[in-house]
Every structure is written in structure tokens, then in C-alpha cells.
Amino acid sequence: MGKRIISQARGHGSLSYRVRRKAFVYKVQYPANLSGEGTVIKLVNSTAHTAPLAKISYDKGIFYIPAFNGMVEGQKIQFDGKDVQPGNIMKLKDLPVKTKIYCIESRPGDDGKFIKTGGSSAEVVRIAGNVIHVLMPSKKEKKFNKECRAVIGVVAGHGRTEKPLIKAGKQHYIKKARNKLWPRTSAIKTNAIDHPFGSGRGKNPKSKIAKRNAPAGAKVGLLRPRRTGHRK
């Protein structure tokens, strides 16, 4: 008897494929209106994030941001000063070239959207009028409004992928913390009744591009691809 293929089961949204809400209890962003200074009251371990989080207290409440490399509890950070020190939240127009930054706003006042992964950072490379050019971790330049804010420094947690997992049990618990689907089974290694690419009879399907009107059980492979084939 056939079963739902994984793409169908995931679309159904059972508990097996939903994100684990308990892991995402911390909202990582800073408030729109910040002034004065804040204090790092605690460094928090969050299973949903690749970097430790800093719990910061200021005159209007508490917020969380990814900790920078070298942050300590009790440290003071500035929100609207001119002092370029790690941890300070400043506007891009006030930062000199070559400054390492993270948690960058996409638009002024949206509380930080870019660069939050452990060990990552971007770099201010050019200032052209109202536009700030930032070199992203992908080695591509991205333009930002000069009023966008960012945190100075490099996100803590560098080297987390360098230590080998050694055994599958450790990977199991890493994925379980966020309810990620693991292990992933290759479609071609399943039975023919469980997937359109299943069984070993057709190692190279005639077309991996799914038709637009294909039913859920057949809409697999390349969905509305922009291009196919090997890049030259």
C-alpha cells in the first residue's frame, strides 16, 4: 500500500514537520527607538540559534541580540553614541570603512535582519552619499540606507562547524532541537510506490521538471526552475 510522499506529509503540517515552538522563545531584534545605553545582564543559550544571545536591559525594557565575540555579562553598550566599540548599536553613516558589523537593518527602524549566524560578520567598504556599501559574508556587496543601524563586532560562536560530529546520535539531537527532518532519504532510493523517482529502474528520470498542474504526489524534482543543467 502506498504512502504519502514526504512533500505531501510536510504540506499537511503534522507535528513531525512543524517547528518546535519552545526552541524559538527568544525574539532576536533590537527596538526601533533606542537611546542612551544598555547593560548586558545575561548571556543566554538558545537551541534555535547558532550563536549565544545577549539579554540587554535598557530604560524601556529588555531585548535580545546575538552576542559578539568577547562579550561579557555586565558590559555597557551605547545606542546613539559615536564610540566605535564592539557591541555598540550605531547607524551605518557613523561607521568608518573596514568596520566589522552584524545584525544590520534592511530598512531604517526594522530592528535588524541581516547577519545573525554564529561567527559571521559583514564589513563597511564604501560610503557614497546616502548609500553605504557593505561586503556581505557571501563576498558580494549590498547597498544600505545610511540611516540603517547595525551592531559593531563579529557574532560569537565561530568554529561551531569545525568540530566533527563523530556519531549520528549527536546530529539526531541537533536536528531534534529544531524539529528538522533528519535523516533525509534520497528520492531515488525509496520504493516505486512511495515516490515518482522511486526504485532503481530509472536512475535518470526523463524529466525532473514537475508540471505546473501536477498533483501533490507527483510535484517533485525541479519546481519552476529558472535554469537547469551544470553551470559552466
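Selection within region 32-41: residues that are within 21 Å of residue 110 (Cβ to Cβ) and surrounded by 15 or more Cβ atoms within 10 Å (Cβ to Cβ). The member of this set that is modelled with the lowest pLDDT is 34. Taken over region 24-41, the residue count meeting the criterion of being in a strand (DSSP E or B) and under 18 Å from the mean Cα position of the chain (by Cα) is 2. The set of residues from region 12-23 being in a helix (DSSP H, G or I) and surrounded by fewer than 12 Cβ atoms within 10 Å (Cβ to Cβ) comprises 12, 21, 22.
Residues of region 176-232 that are more than 29 Å from the chain's Cα centre (by Cα), among the β-branched types (Val, Ile, Thr) and loosely packed, with under 14 Cβ neighbours inside 10 Å: 193 alone.
Residue check: is residue 152 exposed (fewer than 15 other Cβ atoms within 10 Å of the Cβ), aliphatic (A, V, I, L, M), within 30 Å of residue 28 (Cα to Cα) and out of contact with any helix residue (DSSP H, G or I) (no Cβ under 9 Å at 6 or more places or on another chain)? Considered against the rule, which asks whether it is exposed (fewer than 15 other Cβ atoms within 10 Å of the Cβ), aliphatic (A, V, I, L, M), within 30 Å of residue 28 (Cα to Cα) and out of contact with any helix residue (DSSP H, G or I) (no Cβ under 9 Å at 6 or more places or on another chain), residue 152 comes out as no. Report, by residue number, each residue of region 119-139 that is in contact (Cβ under 8 Å) with a residue 24 or more places away in the chain and more than 24 Å from residue 34 (Cβ to Cβ). Once the filter is applied, which keeps residues that are in contact (Cβ under 8 Å) with a residue 24 or more places away in the chain and more than 24 Å from residue 34 (Cβ to Cβ), region 119-139 yields 119, 125, 126. Taking region 199-218 as the range and being in contact with a helix residue (DSSP H, G or I) (Cβ under 7 Å, 6 or more places away or on another chain) and at pLDDT 85 or above as the test, the residues that pass are 216, 217. Of the residues 104, 152, 174, 193, the single one that is touching a Phe, Trp or Tyr at 6+ places or on another chain (Cβ under 9 Å) and at pLDDT below 90 is 174.
Of all the listed residues (128, 187, 122), the sole one being modelled with pLDDT under 90 and assigned by TED's automatic domain parsing to the domain that holds residue 78 is 128.
Condition check ((1) more than 18 Å from residue 26 (Cβ to Cβ); (2) free of Cβ contacts under 8 Å to residues at least 40 places away in the same chain) across all residues:
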{"position": "54", "(1), (2)": "no, yes"}
{"position": "58", "(1), (2)": "no, yes"}
{"position": "66", "(1), (2)": "no, no"}
{"position": "70", "(1), (2)": "yes, no"}
{"position": "84", "(1), (2)": "yes, no"}
{"position": "88", "(1), (2)": "yes, no"}
{"position": "96", "(1), (2)": "yes, yes"}
{"position": "102", "(1), (2)": "no, no"}
{"position": "108", "(1), (2)": "yes, no"}
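Of the numbered conditions (1) outside the structural domain of residue 219 (by TED's automatic domain parsing); (2) of a type outside the set (Gly, Ala, Ser); (3) surrounded by 13 or more Cβ atoms within 10 Å (Cβ to Cβ), residue 167 satisfies every one except a single condition; which is it? It fails just one condition, (3).
Here are some residues: 163, 170, 219. Which one is in contact (Cβ under 8 Å) with a residue 40 or more places away in the chain and among the basic types (Lys, Arg)?
Just a single option satisfies the conditions, and that option is 219.
From the list 142, 116, the one residue that fits, being in contact (Cβ under 8 Å) with a residue 40 or more places away in the chain and basic (Lys, Arg), is 116. On inspection, residue 4 qualifies as among the basic types (Lys, Arg) and within 30 Å of residue 210 (Cα to Cα).
The values are calculated or read from the model by the stated rules, or taken from the named source; none is laboratory data. Only a predicted model underlies this, so the values are computations on that prediction, with no experimental measurement involved. Quick reminder, even Gly has a Cβ in these numbers, built from the backbone with ideal geometry, and neighbours come from all protein chains shown.
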